[in-house]
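A short write-up of the structure that comes next.
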Amino acid sequence: MNSVRVWLLFTFCSICCINNSWAQQDFIHYRMDSLAKVLSKQKTPKDSLRVLQQLVDFTPIHVVETADYPDHLSPLLRLNKTLKAFDPEPYEKIQDATKTWQAKKYTETLATLKTVVDEFDKQHKQIMMLLLSMRVLYNLTDDQQGRFKYYTAKLEYYQVNGPQANTGPCYHGIAGYYYYKNENNLAISNYLKANEIYRKYSPDFYIATLTVIGHQYAEWGNNAKAREYLKKAIELTGKFNYNSQLNYVGLSEVAVSEHQYIDALSYIDKAIQINGTKPSQRLAGALVFKAGIYLVMHRDTAALHLLDRVKAMPDTLNIKTITANGFMEIDYDYYQYYLHTGNIAMAEKALLKANQEALKENGVLLQLKYLRELGYFYRKQNKLEESEKYFDQYFKLADEVDKASDEFKVAQYETEAKDKEQTSHINQLKQEKAVQDYKLTQRNMLLGGSIIVLILIVGLLIFIYRQLHLNKRTLKSLRKTQRQLIQSEKMASLGELTAGIAHEIQNPLNFVNNFSEVNTELIDEMQQFIDAGEYGEVKDIATDIKENQKKISQHGKRADFIVKGMLQHSRISTGEKQLTDINILADEFFKLSYHGLRAKDKSFNAELVARFDESLPKLNVVSQDFGRVLLNLFNNAFYAVNQKEKTAGSNYAPKVELTTFAPPLASGGWGVKVRDNGNGIPQHVLDKIYQPFFTTKPTGEGTGLGLSLSYDIVVKGHGGKIEVNTKEGEYTEFVVYLPVQAI
């Protein structure tokens, strides 16, 4: 392993991985303490098993570095051996991996955990902590290329198949790879992507990674951004929370780089205050950093006092130059102290020791600093041969570092193009998966429908045979049964749409089931508090139950709305055609749609322009169905201008135009035109607008049946056609043509 890779590995571990682990572990302790309290209140083995499983899923792999965590895995497996509630194999493999990790068989451990991830993926399980733990193994095996390939592949898998929460650790792992490669831009970008996922699914990881991003920006030289993220992390954790210590150290580093030494001392003193007086790696690092500030300020005596205090700690802490909290430059600080006080011999000894420790611990960044300093030191002492030797070592190592980052020296355009290509590939995979799932569902539905129809036919034939021989008076009943068979066959043709309904109503039904289960648990807790006489808690729980009940009702109505929309879709063209004045019909629904939206949003206003062709004759249509088409088009138009008004600024004036026309025969027929000046329809959406259940509206605002229903009414029910003209960002125009009819 060359020295450049070693340096990058240790730098990443110290700043990004391990600092992040320190911060996250503190949050994990908090979460584990909360879960442990919940565990102590469980009254049944089954409930205890559920909480134990959560504890195991949220705990890092139990090894030397995390030995202070309780071992919940063993009791989980023992209890499950009795209850047999889940397949224990993945958890047994985690137990095996724990042993091999403790034995420092890192490659074997990594291989085992990969199989665990694959098994959990089949269960669609959130495994954020497991994925985060594995990145440490890639560092221990020095397989950064393997790390990049693995997390990139898993990221693509979770983006297509879910769960979305698992993409956060994948971005985190990729960010560490780029940090290892000294590519700060891509490293920070991926940390930010990871944090966006953490913000949705794990507030603990979100806050901890803010600290990592802050330190990353500080190292990159963007002090404004570093300060922004570090202060945000302090704000979320609390000024004197133990997790804030690393943020104050980072703020102190930023202040030093800006030569604001008083501010730097203030921040580092807060970090020391949070640490307390008990000897620790964090306390030692903060004291050494403060000594460095004193040396820059030429407060040498104060600096020496702090350095001597830290020097007394190694017997218990075994402090190294490269630690879990960054660089511990105690020997270099002694060098500066002796240099300031004129003790050249002791200064030389301290600087040589600092360089030796950096070399021993593969700290290339520190080696560069110390080799350069040795060159200048010996030049000042007029020892030119020694000076030249260290300068030669410095330039040789600097060339290696520069060469290591050559592969990332590419134009920003190429990086963006690569991201677009990857996004396109992932979208293609999602589409292919959706098509495969649809085809599989359709095949299963057809097979099931065929079997059902076959059974019905056989049963019907037996029924007819028996009835013919038993009593001719059952002929009326037989005809009724025949009509039922015909209806069943018609319903079988709706298999495709039935699959769509099942998909659409699954989400609201999941919410109903989940909130119902939560209410059941809350009622159990309420009974406990009633027995204990804690009626304040009872009122709080009653409030929660009421809120949950509202959500159950809300999502139940959502499912009901989807089913009603589907029933409408299945009743296309069942009405009787009659001569209808399209001008009057269009005018009524135009106003109905506008006032309907106004009833929901009083602040909405739009200009309505109606142009009616008086030469348009009455047309032979199903007025109820054609009115439904017009209402869908008007609703979409008003929704489009309303959405654009929210972002377009004060100069934008919403406008919806209605035009009826009776053109010459060569144009294709009579019709209606609906135009809006909204955001238009993107090209990638345009091809899907008539698909059932496809919608760009947020959940709860549309089912995706409107245009599909309208298309079937116009094309299949009336022999007409619908055309759409649009320009993204400017307008959308739907034109409905009805064929020339004999009036």
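The values are calculated or read from the model by the stated rules, or taken from the named source; none is laboratory data. From a predicted model like this one, the values you see are computed outputs, not experimental measurements. Neighbour counts run over all protein chains shown; Cβ positions are idealised from the backbone, glycine included. Remember, those area values only see protein heavy atoms, side chains included, never the ligands or the DNA or RNA. Shrake-Rupley method; radii C 1.70, N 1.55, O 1.52, S 1.80 Å.
For Met346, all conditions in the list (1) under 30 Å from His305 (Cβ atoms); (2) open to solvent by less than 60 Å² (accessible area, probe 1.4 Å); (3) at pLDDT 85 or above; (4) hydrophobic (A, V, I, L, M, F, W, C) hold save one; what is the number of the exception?
Failing condition for Met346: (2).
How many of the residues making up region 231-241 are in contact with a Gly (Cβ under 9 Å, 6 or more places away or on another chain) and at pLDDT below 90?
Qualifying residue count for the region: 1.
To keep it simple, each residue is scored yes or no on (1) open to solvent by 70 Å² or more (accessible area, probe 1.4 Å); (2) among the basic types (Lys, Arg); (3) at pLDDT 90 or above.
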residue: Thr301; (1), (2), (3): yes, no, yes
residue: Leu307; (1), (2), (3): no, no, no
residue: Val310; (1), (2), (3): no, no, no
residue: Thr321; (1), (2), (3): no, no, no
residue: Gly342; (1), (2), (3): no, no, yes
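Among the residues of region 161-220, which ones are closer than 21 Å to Leu236 by Cα and charged (D, E, K, R)?
Correct list: Lys193, Glu196, Arg199, Lys200, Asp204.
For residues in region 594-625 being assigned to a helix (DSSP H, G or I) and touching a helix residue (DSSP H, G or I) at 6+ places or on another chain (Cβ under 7 Å), which is farthest from Leu738 (Cα to Cα)?
That would be Leu597.
Restricting to region 636-654, name every residue that is assigned to a helix (DSSP H, G or I) and without any contact (Cβ under 8 Å) to a residue 24 or more places away in the chain. Reasoning before the result, please.
Our first condition is that a residue be assigned to a helix (DSSP H, G or I); within region 636-654, this holds for 636-648.
Selection gives Lys646, Thr647, Ala648.
Return only the number of the condition from (1) modelled with pLDDT of 80 or more; (2) open to solvent by 80 Å² or more (accessible area, probe 1.4 Å) that Lys430 does not satisfy.
In the conditions (1) modelled with pLDDT of 80 or more; (2) open to solvent by 80 Å² or more (accessible area, probe 1.4 Å), Lys430 misses (1) alone.
Would a scan of region 97-104 turn up a residue that is under 25 Å from the mean Cα position of the chain (by Cα) and open to solvent by less than 20 Å² (accessible area, probe 1.4 Å)? Break it down stepwise before answering.
From region 97-104, those under 25 Å from the mean Cα position of the chain (by Cα) are none; that's our starting set.
Scanning region 97-104, I find no residue that is under 25 Å from the mean Cα position of the chain (by Cα) and open to solvent by less than 20 Å² (accessible area, probe 1.4 Å), so the answer is no.
Scan region 36-71 residue by residue and report those that are touching a helix residue (DSSP H, G or I) at 6+ places or on another chain (Cβ under 7 Å), open to solvent by 80 Å² or more (accessible area, probe 1.4 Å) and modelled with pLDDT under 80.
Across region 36-71, the qualifying residue is only Val64.
Do any residues in region 674-693 that are within 17 Å of Val736 (Cβ to Cβ) and hydrophobic (A, V, I, L, M, F, W, C) have Cβ atoms under 8 Å from those of residues that are open to solvent by 70 Å² or more (accessible area, probe 1.4 Å) and in a loop (DSSP other than H, G, I, E, B), where the two are at least six apart or on different chains, and which pairs are they?
So the pair list comes out as Ile681/Glu728.
Filter region 707-741 down to residues that are buried (at least 17 other Cβ atoms within 10 Å of the Cβ) and of a type in the set (Asp, Glu) and give me whichever is nearest to Glu645 (Cα to Cα).
Glu733
Do we have any residue at all in region 18-32 that's closer than 23 Å to Phe120 by Cα, of a type outside the set (A, V, I, L, M) and at pLDDT 85 or above?
no
Spot the failing condition for Ile689; the list is (1) at pLDDT below 90; (2) of a type outside the set (S, T, N, Q); (3) surrounded by fewer than 18 Cβ atoms within 10 Å (Cβ to Cβ), and only one is missed.
Checking Ile689 against (1) at pLDDT below 90; (2) of a type outside the set (S, T, N, Q); (3) surrounded by fewer than 18 Cβ atoms within 10 Å (Cβ to Cβ), the one that fails is (3).
Given the criteria more than 39 Å from the chain's Cα centre (by Cα), of a type in the set (A, V, I, L, M) and open to solvent by 50 Å² or more (accessible area, probe 1.4 Å), does Ile293 qualify?
no
Name the residue that is modelled with the lowest pLDDT, counting only residues in region 182-203 that are among the hydrophobic types (A, V, I, L, M, F, W, C) and crowded, with 23+ Cβ neighbours inside 10 Å. Before you say what the answer is, go through the steps one by one.
Of region 182-203, the ones among the hydrophobic types (A, V, I, L, M, F, W, C) are 186-188, 192, 194, 197.
Those still in the list that are crowded, with 23+ Cβ neighbours inside 10 Å too: 187, 194, 197.
Working: Ala187: 90, Ala194: 94, Ile197: 93.
Per the stated criteria, the residue is Ala187.
How many residues, within region 340-366, are outside any helix (DSSP H, G or I) and of a type in the set (S, T, N, Q)?
So the first thing to find is which residues in region 340-366 are outside any helix (DSSP H, G or I), and the list is 341-343, 361-363.
Add one more test, that the residue is of a type in the set (S, T, N, Q), and what stays is 341, 343, 362.
Number of matching residues: 3.
Give the residue that is modelled with the highest pLDDT, with candidates limited to residues of region 530-551 that are among the hydrophobic types (A, V, I, L, M, F, W, C) and open to solvent by 50 Å² or more (accessible area, probe 1.4 Å).
Taking region 530-551 first, the residues among the hydrophobic types (A, V, I, L, M, F, W, C) are 530, 532, 538, 541-542, 545.
Adding the requirement that they be open to solvent by 50 Å² or more (accessible area, probe 1.4 Å) leaves 530, 532.
Values: Ile530: 90, Ala532: 84.
The selected residue is Ile530.
Can you name the number of the only condition in (1) part of a strand (DSSP E or B); (2) exposed (fewer than 14 other Cβ atoms within 10 Å of the Cβ); (3) at pLDDT 90 or above that Leu579 fails?
Only one criterion in (1) part of a strand (DSSP E or B); (2) exposed (fewer than 14 other Cβ atoms within 10 Å of the Cβ); (3) at pLDDT 90 or above is unmet by Leu579, namely (3).
What number of residues within region 204-246 are hydrophobic (A, V, I, L, M, F, W, C), closer than 18 Å to Ile268 by Cβ and surrounded by fewer than 19 Cβ atoms within 10 Å (Cβ to Cβ)? Working first, answer last.
Taking region 204-246 first, the residues hydrophobic (A, V, I, L, M, F, W, C) are 205, 207-208, 210, 212-213, 218, 220, 224, 226, 230, 233-234, 236, 240, 246.
Within this subset, residues satisfying the condition of being closer than 18 Å to Ile268 by Cβ are 218, 226, 230, 233-234, 240, 246.
Then keep just the ones that are surrounded by fewer than 19 Cβ atoms within 10 Å (Cβ to Cβ); that gives 240.
Residues meeting the conditions: 1.
Can you tell me how many residues within region 154-181 are at pLDDT 90 or above, of a type in the set (Ser, Thr, Tyr) and within 26 Å of Ala226 (Cβ to Cβ)?
Counting residues in region 154-181 that are at pLDDT 90 or above, of a type in the set (Ser, Thr, Tyr) and within 26 Å of Ala226 (Cβ to Cβ) gives 2.
Yes or no: Leu440 assigned to a helix (DSSP H, G or I), at pLDDT 70 or above and more than 21 Å from Lys688 (Cβ to Cβ)?
no
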